[in-house]
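Here is the structure we will look at.
The values are calculated or read from the model by the stated rules, or taken from the named source; none is laboratory data. Fair warning: this is a prediction, and the values are worked out from it, not measured in the lab. Using ideal geometry, Cβ is built from the backbone for each residue, glycine included, and neighbour counts are taken over all protein chains shown.
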Amino acid sequence: MWSGPRNISTAMMRSWGNRPDTAVIDEPFYAYYLERTAKNHPMAAEVIASGETNWQTVAEQLTKGPIPGDKRIFFQKQMTHHLLPEMGRDWIGGLTNCFLIRDPREVILSYIKKNPEPALEDLGFVQQCQIFDFVRNRSELMSPVIDADDVLKNPDRMLGLLCDAIGVPFDKGMLSWPPGLRDTDGVWAKHWYDAVAKSTSFGPYAPRDGTIPDSLSDIYQKCRECYQRLSPHKLK
């Protein structure tokens with residue numbers, strides 16, 4: 001599941017992790033990304049120390065190793081901006097790739113509460129389009145695209161459509177989950193996952209208040225172009 005930041009990707013991981021047949025993994029390339037880019041993220045040193053910093057090793061674990069817990073489905077929560085340009089892409093072809101999109105206005109207004117001056121590459125929209133194009137050019141099947149706002153408005157229907165699209169039965173257990181953190185959460189969960197830890201289901205949809213700062217108008221427009229490219233393909 002390829003998503004940018006400030007989406008509902010962690011709630012989506014909770015949803016899939018509540019299925020008895022599914023194992024989940026949380027942003028497996030984060031340690032490599034931080035070590036390579038030296039981004040000033042909270043807990044960066046701890047994330048790097050606790051994770052795998054060889055991307056090839058991570059890719060092999062995601063595609064060739066056994067699924068943890070001998071489960072049937074392996075849900076991989078991936079941040080699109082973690083897939084740096086120097087990383088190979090062929091391993092992606094061995095996965096069922098899904099794309100979680102969200103209106104960039106919602107993303108940026110949420111993101112700037114943590115980082116008021118994001119760069120375009122921090123938001124993941126351009127990389128998401130690139131990954132989508134890579135997968136589409138190598139497969140006759142259309143990769144499912146699902147919009148976060150649609151999920152919040154009708155999680156039962158949208159998760160059912162997603163399961164149908166990838167050929168697995170829908171499980172009502174995906175609609176709710178126990179509160180709290182998980183052993184499968186990244187070490188960064190104690191900093192970022194306060195709201196998710198308190199949640200027991202997808203929250204209700206509510207448009208975010210605010211306006212995009214003038215200083216980010218160019219970035220917003222570029223993100224919107226990427227969002228509009230994927231939006232026509234989303235499940236409805």
**Asked** Between residues in the stretch 109-125 that are closer than 21 Å to LEU83 by Cα and residues that are among the small types (Gly, Ala, Ser), which pairs lie under 7 Å by C-beta distance while being six or more apart or on different chains?
**Response** LEU123/GLY4; GLY124/GLY4; PHE125/GLY4
**Item:** Subset of the stretch 1-36 (residues that are out of contact with any helix residue (DSSP H, G or I) (no Cβ under 7 Å at 6 or more places or on another chain) and among the hydroxyl-bearing types (Ser, Thr, Tyr))
**Value:** SER9
**Asked** Looking at THR37, is it surrounded by 14 or more Cβ atoms within 10 Å (Cβ to Cβ), touching a residue at least 24 places away in the same chain (Cβ under 8 Å), of a type in the set (S, T, N, Q) and within 23 Å of ALA165 (Cα to Cα)?
**Response** no
**Request:** Just give me the residues in the stretch 182-218 being over 17 Å from MET43 (Cβ atoms), assigned to a helix (DSSP H, G or I) and charged (D, E, K, R), in sequence order.
**Result:** LYS198, ASP214, ASP218
**Asked** So LYS172 clears everything in (1) free of Cβ contacts under 8 Å to residues at least 60 places away in the same chain; (2) within 21 Å of TRP91 (Cβ to Cβ) except one condition, right? Which one?
**Response** (2)
**Subset of the stretch 24-43 (residues that are modelled with pLDDT of 95 or more and more than 15 Å from ALA189 (Cβ to Cβ))** = PHE29, TYR32, TYR33, LEU34, GLU35, ARG36, THR37, ALA38
**Request:** Could you check, for the stretch 201-213, whether at least one of its residues is surrounded by 13 or more Cβ atoms within 10 Å (Cβ to Cβ), in contact with a helix residue (DSSP H, G or I) (Cβ under 8 Å, 6 or more places away or on another chain) and within 24 Å of THR37 (Cβ to Cβ)?
**Result:** no
**Request:** Sort out which residues of the stretch 125-183 are acidic (Asp, Glu) and either surrounded by 17 or more Cβ atoms within 10 Å (Cβ to Cβ) or under 20 Å from LEU230 (Cβ atoms) (or both), and write them in order of number.
**Result:** ASP133, GLU140, ASP147, ASP149, ASP150, ASP164, ASP171
**Request:** For the stretch 50-160, please list each of the helices (runs of 4 or more DSSP H) lying entirely inside it that holds at least 2 residues being modelled with pLDDT of 95 or more and over 24 Å from GLY173 (Cβ atoms).
**Result:** 55-63, 104-111, 125-137
**Asked** Can you name every residue in the stretch 84-98 that is under 13 Å from PRO28 (Cβ atoms) and in contact with a helix residue (DSSP H, G or I) (Cβ under 6 Å, 6 or more places away or on another chain)?
**Response** MET87, TRP91
**Asked** Mind checking whether some residue in the stretch 161-181 is assigned to a loop (DSSP other than H, G, I, E, B), in contact with a Leu (Cβ under 6 Å, 6 or more places away or on another chain) and at pLDDT 95 or above?
**Response** no
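So which residues in the stretch 2-38 are assigned to a helix (DSSP H, G or I) and touching a His at 6+ places or on another chain (Cβ under 8 Å), if there are any at all?
Matches in the stretch 2-38: TYR30, TYR32, TYR33, LEU34.
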